[in-house]
Amino acid sequence: MVRVDKLDLEIVTPERLVLSETVDEAVLPGAEGSFGVLPGHAPFLTALGVGEAAYRIGTRWHYLAVAGGFVEVLRDRVSVLAEICERAEEIDEQRARDKRKEAEAVLSRGRIGENEFRKAEGSLRKALTRLRVAGHLRG
């Protein structure tokens, strides 16, 4: 068996290729929780959740905000088809703060329908993820 010491990581959305890099490690938000992938990982397929994706090249970590889609893990490759993916430098922090406030206002109203609750909760999770990812640029 050939030793695998790097991963090819590719992240695409319906609009564009966001990332195509050879990396040492990747951490992704699965629908059931975050998971890490190192070279030689056992293959699997899973749903992508809402959250922070990270990858490491050498000692440097890079971060993206992702939401929805699928992840395929192979021994030497991780392929992500995401509904939403933004690099830290692409995030409009003011817009994310505004979306967080809007979602919090809906959730604090009390008696709301299940659909409205789910929509506001999803919007809040995306906004918080964007703010966390953008915060990595400031250290």
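Every number in this text was worked out from the coordinates using simple rules, so none of it is lab data. Because the structure is predicted, anything quoted here is derived from the model rather than measured. Heads up, the Cβs are rebuilt from the backbone with ideal geometry, glycines too, and the neighbour counts pull from every protein chain shown.
Before moving on, here are some points about what is shown:
- 0 to 90° range, to nearest 10: angle between helix 114-135 axis and the chain longest Cα axis: 60 degrees
- For the stretch 70-92 and the stretch 14-53, distance of Cα centres in Å: 6 Å
- Amide proton proximity set for residue 69, modelled H, under 5 Å, gap of 5+: 48, 83
- Here residue 20 and residue 111 are evaluated by their C-beta separation; at R0 = 35 Å the FRET efficiency comes out at 0.15.
- Of 92, 24, 76, the residue with the greatest mean-square motion in the GNM of the chain, using alpha carbon springs below 10 Å, is 92.
- Estimated FRET transfer efficiency when R0 is 25 angstrom, pair residue 89-residue 47 (beta carbons, to 0.05): 0.40
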